[in-house]
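Every number in this text was worked out from the coordinates using simple rules, so none of it is lab data. Since the model is a prediction, treat every value here as computed from it, not as a measurement. Positions of Cβ are backbone-derived with ideal geometry, glycine not excepted, and every protein chain shown enters the neighbour counts.
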Amino acid sequence: MRNIFYLFKKELRSYFYSPIAYVVLFIFLVITGYFFSAIVTFYSMISFQAMQQPAAAANLNITEGVVNPLFSNMAVIILLMMPILTMRLFSEEKRLGTFELLMTYPIRDIEVVLGKFLACVTVFAIMLALSLVYPILIAWVGRPDIKPFISAYLGIFLMGSAFISLGILISTLTENQIIAAVASFGVLIIFWVIGFSAENTGPTLGSVLRHLSIIEHFQNFAKGIVDTKDLIYYLNFTLFFLFLTLRSLESNKWRG
Amino acid sequence: MIAVENLTKYYGTLPAIQGVSFRVEKGEILGFLGPNGAGKTTTMRILTGFMPATSGTATVAGYDVFKDSLEVRKRIGYLPENVPIYNDMEVSAYLNFVTEVKGVPKKLRKEKIQQVIKNCGLESVSNRMIKNLSKGYRQRVGLAQALVNDPEVLILDEPTMGLDPKQITEIRHLIKELATEKTIILSSHILPEVSMICQRVVIINQGKVVAEDTTENLTSRSQTSRRILLQVDGPSEVVLKILREVNGVNRVQRKDQVTGNIFNYEVEASKDRDVRRDLAHAIVQSGNGLLELRPVEVSLEDVFVKLVTEEEG
Ligand SMILES: Nc1ncnc2c1ncn2[C@@H]1O[C@H](COP(=O)(O)OP(=O)(O)OP(=O)(O)O)[C@@H](O)[C@H]1O
Ligand SMILES: [Mg+2]
């Protein structure tokens with residue numbers, strides 16, 4: 001189990017040796033910062049109008065007005081960025097041949113996979129941690145309910161981890177980082193939009209499709225509701241793709 | 001220590017190695033010799049557990065390389081042929097990572113790393129990024145990562161490729177020193193290297209073992225007659241006649257002219273008879289000048305080329 005930590009350390013170090021982690025962090029903060037200011041400006045404008053017409057104020061709440069739009073946008077940015085973080089994890093090692101040497105060290109495949117997964121999740125967590133400045137700003141200015149922020153952060157963390165597990169699987173399938181990124185992106189989009197067609201299908205198929213959709217399960221989190229059904233979906237999704245990653249490493253050997 | 005039996009590996013429908021068998025005893029250095037594409041790397045990858053064989057078995061220290069892969073991997077140090085090491089790490093940080101994943105106890109790590117840095121001559125670059133190293137130093141780092149946990153078995157795929165002559169001698173020396181306590185398999189297409197370092201050689205061609213023996217036996221086995229080179233100062237017709245009359249000589253050939261009356265001659269004599277004394281005596285008696293007399297050694301190179309071409313023919 002200690003090997004997981006050694007691989008984690010090595011992987012995290014190489015994230016920050018290359019410019020990728022910095023670029024992704026920077027762009028993420030800039031874009032979320034933009035969304036944040038736009039959403040807050042809009043929200044304060046509405047609040048200001050509500051002050052003049054007390055009747056409208058009843059509909060006003062920070063969850064609907066700020067948390068939900070902010071985190072829905074953040075989810076899209078994360079969808080775009082996670083494949084960039086995961087693309088190199090195995091593809092690069094395969095292309096450089098370091099994979100061969102790694103596989104002949106006395107470590108288990110699962111330790112390699114978990115070490116890499118956790119390193120990537122850590123970079124992602126750092127991203128989210130830095131974006132905390134925005135809620136902190138709100139908390140500093142007003143006295144909002146922080147519970148919806150907590151649930152939204154939990155949701156986005158779980159969703160991002162699920163994206164990462166899928167990205168890792170795809171990076172074991174190719175030596176080419178660009179292909180890994182584009183393919184992960186494509187598959188994630190499919191999981192994202194799969195619920196859209198739910199309306200046009202029958203009720204059973206529709207609910208199955210909606211259940212599979214990776215964004216559908218995020219809606220509750222963004223509304224401040226933590227439902228175990230959604231938690232289980234993301235955990236299952238993540239474990240399933242990590243399991244497939246292990247299988248993929250195994251079958252790599254046989255393909256030679 | 002290492003036993004390979006009837007190993008076969010197909011890539012798709014293409015056989016890379018077929019029915020390869022050999023053994024390496026503890027403390028021995030085995031040279032694995034073969035032309036490009038012979039299957040050296042493939043065999044080594046199977047031995048290190050990187051990929052399974054299509055059929056056949058291989059054991060290292062009594063453990064099956066596929067079933068007990070983890071036990072095998074604890075005992076080997078492997079240097080792949082193109083030295084795949086992480087570019088974005090410093091040499092010492094990289095070696096530290098390797099000691100970690102190889103399970104070297106924490107309190108021994110520093111010492112082991114220092115020792116291997118010294119043995120592989122890496123003192124001057126230990127704080128440099130690997131991507132900035134020259135080919136030769138990369139190769140040394142590759143060797144260092146194989147050695148750093150003192151494994152019982154070393155598997156080195158072309159360890160001296162890309163080094164300058166001075167480094168080659170140093171690395172060969174290092175390998176030879178290590179051999180007293182370790183079992184080593186080393187692949188190469190450089191024959192002098194193999195004959196210099198290894199006690200035993202396995203020659204492989206097109207996926208099949210074509211010869212396996214000690215270096216001495218291999219060279220003497222393919223020698224069917226003894227050849228001697230002479231340089232004589234004297235009229236060549238006369239010299240040829242004198243040489244042919246010596247007992248035991250089968251064939252005499254005049255080779256190139258050196259100057260004026262000085263020529264090189266090659267004499268072929270039967271293997272079981274040393275005719276050098278008689279040749280010298282005959283020339284001197286006749287009053288011609290004997291300038292040089294030496295046996296022509298059949299090199300491993302000749303054996304190699306002969307075996308490989310025989311196989312193809
Ligand atoms: N991954 C692979 N897929 C398909 N064929 C391969 C693969 N690796 C090697 N081969 C083929 O297997 C045969 C043996 O290759 P191998 O690399 O073992 O040779 P080698 O003896 O190490 O050669 P070299 O001296 O050039 O390193 C070659 O014909 C090669 O083309
Ligand atoms: Mg090779």
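Between the C-alpha center of segment A:152-202 and that of segment B:87-142 there is a gap of 38 Å. Across segment B:114-191, Cα-Cα distances exceeding 20 Å account for 26% of all pairs.
Report summary: the helix-based calculation at 222 nm, which adds -39500 (n - 2.57) for every DSSP H run with n ≥ 4 and divides by the residues of chain B, gives -11000 deg cm²/dmol. When only the Cβ of Lys, Arg, Asp and Glu is charged (+1, +1, -1, -1), the dipole of segment B:42-133 relative to its Cα centre reaches about 300 debye. Between B:Asp274 and A:Ile179, the C-beta separation translates, for a Förster distance of 56 Å, into a calculated FRET efficiency of about 0.25.
Mind checking which of B:Asn119, B:Asn261, B:Asn149 has the largest fluctuation in a GNM of chain B, springs on alpha carbons under 10 Å? Taking springs between Cα atoms under 10 Å, the residue moving most is B:Asn261. Residue by residue, segment B:283-289 carries 3J(HN,Hα) couplings of 5, 5, 4, 6, x, 8, x Hz when phi is fed to the Karplus relation 6.51 cos²θ - 1.76 cosθ + 1.60 (θ = phi - 60°); x denotes Gly or Pro. Got a sec? Charge dipole of segment A:2-255, +1 on Cβ for Lys and Arg, -1 for Asp and Glu; which of A:Val226, A:Met127, A:Leu70 is way out at the positive end? Towards the positive end, the residue furthest out is A:Met127. Computed on the protein assembly as shown, the Cα convex hull volume stands at 209 Å³ per residue. Qualifying trypsin sites (Lys or Arg not before Pro) in segment A:165-256, where qualification requires a DSSP coil assignment and no more than 15 other C-beta atoms within 10 Å, are lacking entirely.
Ranking A:Ser213, A:Leu85, A:Leu118 by how far each Cα lies toward the positive end of the dipole of segment A:2-255 (charges on Cβ) leaves A:Leu118 at the top.
What order do you get for B:Val201, A:Val23 when you list them from fewest to most C-beta neighbours inside 10 Å? Each step should come with its number before you reach the end.
Working: B:Val201 26, A:Val23 12.
Arranged by neighbour count, lowest to highest, B:Val201, A:Val23 become A:Val23, B:Val201.
Helical runs (DSSP H, four residues minimum) scored at -39500 (n - 2.57) apiece and divided by the length of chain A put the mean residue ellipticity at 222 nm at -26500 deg cm²/dmol.
Placing a label point 7 Å from the Cα of B:Glu292 along the Cα-to-Cβ direction, the residues of segment B:231-259 whose backbone N falls under 17 Å of that point are B:231-234, B:253-259.
With charges set only on the Cβ (+1 for Lys and Arg, -1 for Asp and Glu), what does the dipole of chain B come to about its Cα centre, in debye to the nearest 20?
Working: 41 positive and 40 negative charges, 155 e Å.
Computed about the Cα centre, the dipole is about 740 debye.
What translational D, rounded to a whole number of µm²/s, comes out for segment A:2-255 from Stokes-Einstein when the hydrodynamic radius is the Kirkwood one over Cα pairs, at 37 °C and 0.692 mPa s? My calculation gives 167 µm²/s for D.
The alpha carbons of segment B:21-62 stretch over 28, 22, 16 Å along the principal axes, in descending order.
Ignoring lysines fewer than eight residues from A:Lys9 along the same chain, the ones with Cα atoms less than 24 angstrom from its Cα are A:Lys94, A:Lys116, B:Lys74, B:Lys102, B:Lys106, B:Lys107, B:Lys110, B:Lys112, B:Lys131.
What is the fewest-to-most order of A:His217, A:His211 by other Cβ atoms lying within 10 Å of their Cβ? Mind dumping the intermediate values first?
Values: A:His217 24, A:His211 14.
Sorted ascending by nearby Cβ count, the order is A:His211, A:His217.
Would you please name the GluC sites (Glu not before Pro) within segment B:1-52 that are DSSP coil residues with at most 13 other C-beta atoms within 10 Å of their C-beta? Please report the intermediate quantities before stating the final value.
Working: sites: B:Glu5, B:Glu25, B:Glu28; in loops: B:Glu25, B:Glu28.
Taking segment B:1-52 and a limit of 13 other Cβ atoms within 10 Å, the loop GluC sites (Glu not before Pro) found are B:Glu25.
Note on segment A:38-112: Cα-Cα pairs beyond 21 Å make up 57% of the total pair count.
Qualifying GluC sites (Glu not before Pro) in segment A:2-94, where qualification requires a DSSP coil assignment and no more than 11 other C-beta atoms within 10 Å, are lacking entirely.
Between A:Tyr22 and A:Val208, the FRET efficiency estimated from the beta carbon spacing at R0 = 45 angstrom works out to 0.65.
Charges were assigned to the Cβ only: +1 to each Lys and Arg, -1 to each Asp and Glu. The resulting dipole of the protein assembly as shown about its Cα centre is roughly 880 debye. Once the Kirkwood radius over Cα pairs is known for chain B, the Stokes-Einstein relation at 4 °C and 1.567 mPa s delivers a diffusion coefficient of 58 µm²/s.
Over segment B:1-108, the alpha carbon radius of gyration divided by the compact-protein estimate 2.2 N^0.38 Å works out to 1.20.
As a proxy for reagent exposure, A:Thr172, A:Thr86, B:Thr215 were ordered by neighbouring Cβ count within 10 angstrom, fewest first; the result is B:Thr215, A:Thr172, A:Thr86.
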